[in-house]
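Each remark here refers to the structure printed beneath this line.
The values are calculated or read from the model by the stated rules, or taken from the named source; none is laboratory data. Only a predicted model underlies this, so the values are computations on that prediction, with no experimental measurement involved. Note: ideal-geometry Cβ built from the backbone for every residue, glycine included; neighbour counts use all protein chains shown.
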Amino acid sequence: MSSVTSRVESRPVEGQETCPLPDDPVLAAWATALNDAGYWAVIVDRNWRLVYATDAQRVITGWGLGLAPFPVGVHFYGPEALSARLAGRGGLATLEIVREEFEVLGPYILAAAQGGREELRELVDPRLRDLVDHLAPADPVNALSLVIPARYIAGMPVEVPITLMPVRDSDGRLVGIVMSFKPAASMAVLAVMALGGDLRHFERMQQVSKPGRRPAAILFADVESSSPLVRRLSTASYFSLGRRMTRAADQCVIDAGGLVGRHVGDGVVAFFLAESAGSESAAARSCIEAARNIKDAMTDVAARSDLAREDLVMRFGLHWGATLYVGQISTSGRAEVTALGDEVNEGARIEACATGGRALASKPLLERLDAEDAATLEVDPEHITYRPLADLPTATEKARRDAPAISVCEV
C-alpha cells in the first residue's frame, strides 16, 4: 500500500486560503481538477481521514459567506471533524443529520477500518459510537452513488446525492476516496435555472446571503403608459415584449455591477452596493450608468418587437439609501435580492414623478459622486439646481404625501 497516504498531518485550514493539495500525487490531481471545475467535493485517504475540500464545498458549508474552516488530517467522523461541522454557519449540519448520514456512509468506513468495529468506535466521535454495532461493512470497490440527508435554508430537510469514487494509484492500490456532492435537482433542471445566468450576479447574490445594513444606490424604472400597449398587442406578443425588456434591463444592471431586485409587472428594481462597487461614489455612478444604458437598450427592444421607439418609454427614479437593509430571500420556489428602508419607498415615489421618459436622481445620490465619477457622467454636482418632488408639475399624490421635500434633478 502507499506509504504517503498513511502519514497525514492534522492541521485546520482556516481563513480564506484554498486547501493545500494532498501529498499523494493521484489525490492531488483529483483535487486540482475538482476545484478548478467548481465541484462540491471532499477527498479522504484510504483510512477516511480528511485530506482536501474544494473551495465550492467550503463556501456552501460556510453558508456562502466565505470558505469554512476545514480540519485536514482528522477522521471524517472524528471529534474534530464533527465539532467543525456542527459549528458551521446556517445550521446546515445538526447532530441528528450527521447520525443519519453516518448510517448511510458508515458501512464503507467500517470496511476500511483494519481493526474492525473496535477501531472505528475509537476513531469516531463518542456521539456516534452507538451506531457502529448496527453497521454492516461494505467495500466501495467501484464508484457508487448514495443519498444523504442535509439541511438547507431555514432548516428545511433536503436530500443530497453523493458519489463515492475510489481512487487508485498506477499499481491499482487504493489511495483514497473522492466524495462528490450535488444538489438533488438533475443537471437538466439545474441547467435551465442557471446555465443562462450571469456568474457575476450569482456571486453578488452570495455576498448578500446574510442580510445586513449596506449603503447602496437604488434604481427604480417602469414602462410609462403600458396600458395602451397591453390593449394593442396580443397576450403572447406582450409577454415576449416583457421578456425582452426584463432581460435587457437586468443585463444592464449586472454589467454596471448592480444587484437585480424584485420584478413587479413592467418595473425594474436594482441596488448598487458601495461595498461591491468599492466606494459610495462608484455605486452612485454605476446606478446612473445603468439607467442610461437601460434607456438606450429599449431602442433595440422596441425594434425587435416591431414597435416605434416612442411606444416604449421608461421613467427612472434614482436614490441613495444610507441605511438600507439588504439581503437575499430564498425559498423552495425562488431566490431574489430585496432591500428594506424608507429610501426604497422614496425611490419608488421619485420614479413615479419622472414622466416623459426622464431619469430623476435625488440630491443624496448625486452628492455621493466624487469629481472623477461626476466628470465621467458629465454632471457637475456643485452647480446643480434641485427641485423638491412636491414642486414638480408631475408630482403624484403619493409623492406629495410621502416624500415632498426630497430634492431631485434630471440626469
Inset, instruction - Quick one: count up the residues across the range 134-153 that are at pLDDT below 90 and surrounded by 14 or more Cβ atoms within 10 Å (Cβ to Cβ). - result: 7
Inset, instruction - Being assigned to a helix (DSSP H, G or I), modelled with pLDDT of 95 or more and either among the polar types (S, T, N, Q) or outside the structural domain of Glu343 (by TED's automatic domain parsing) (or both) is the filter here, so list the residues in the range 262-289 that pass it. - result: Ser281, Ser286
Inset, instruction - Give the number of residues within the range 161-213 that are touching a residue at least 60 places away in the same chain (Cβ under 8 Å) and surrounded by 11 or more Cβ atoms within 10 Å (Cβ to Cβ). - result: 22
Inset, instruction - For the range 372-380, state whether one or more residues are surrounded by 15 or more Cβ atoms within 10 Å (Cβ to Cβ), modelled with pLDDT under 95 and assigned to a loop (DSSP other than H, G, I, E, B). - result: yes
Inset, instruction - Would you confirm whether any residue within the range 234-242 is part of a helix (DSSP H, G or I), over 27 Å from Ile288 (Cα atoms) and under 18 Å from the mean Cα position of the chain (by Cα)? - result: no
Legend entry - Candidate set from the range 60-89 (those that are modelled with pLDDT of 85 or more and of a type in the set (A, V, I, L, M)); member that is nearest to the chain's Cα centre (by Cα): Leu67
Legend entry - Which listed residue, of Ser240, Ser170, is closer than 30 Å to Ala256 by Cβ and of a type outside the set (Phe, Trp, Tyr): Ser240
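For the range 216-226, indicate whether the set of residues that are part of a helix (DSSP H, G or I), closer than 30 Å to Val408 by Cα, in the same structural domain as Arg334 (by TED's automatic domain parsing) and without any contact (Cβ under 8 Å) to a residue 40 or more places away in the chain is non-empty.
no
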Legend entry - Filter pass, Asp342 being under 30 Å from Arg232 (Cβ atoms) and either out of contact with any strand residue (DSSP E or B) (no Cβ under 8 Å at 6 or more places or on another chain) or surrounded by fewer than 22 Cβ atoms within 10 Å (Cβ to Cβ) (or both): no
Legend entry - Subset of the range 1-37 [assigned to a loop (DSSP other than H, G, I, E, B), surrounded by 13 or more Cβ atoms within 10 Å (Cβ to Cβ) and modelled with pLDDT of 65 or more]: Thr18, Cys19, Pro20, Leu21, Pro22, Asp23, Asp24
Inset, instruction - Among the residues of the range 97-134, count how many are within 18 Å of Val74 (Cβ to Cβ) and not hydrophobic (A, V, I, L, M, F, W, C). - result: 12
Inset, instruction - For the range 302-315, state whether one or more residues are free of Cβ contacts under 8 Å to residues at least 60 places away in the same chain and either more than 29 Å from Leu229 (Cβ to Cβ) or crowded, with 19+ Cβ neighbours inside 10 Å (or both). - result: yes
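Could you grab me the full set of residues in the range 316-351 that are free of Cβ contacts under 8 Å to residues at least 60 places away in the same chain, hydrophobic (A, V, I, L, M, F, W, C) and closer than 25 Å to Glu397 by Cα?
Result: Leu340, single match.
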Legend entry - Identity of the residue in the range 38-89, closer than 24 Å to Ile329 by Cα and among the small types (Gly, Ala, Ser), that ends up surrounded by the fewest Cβ atoms within 10 Å (Cβ to Cβ): Ala87
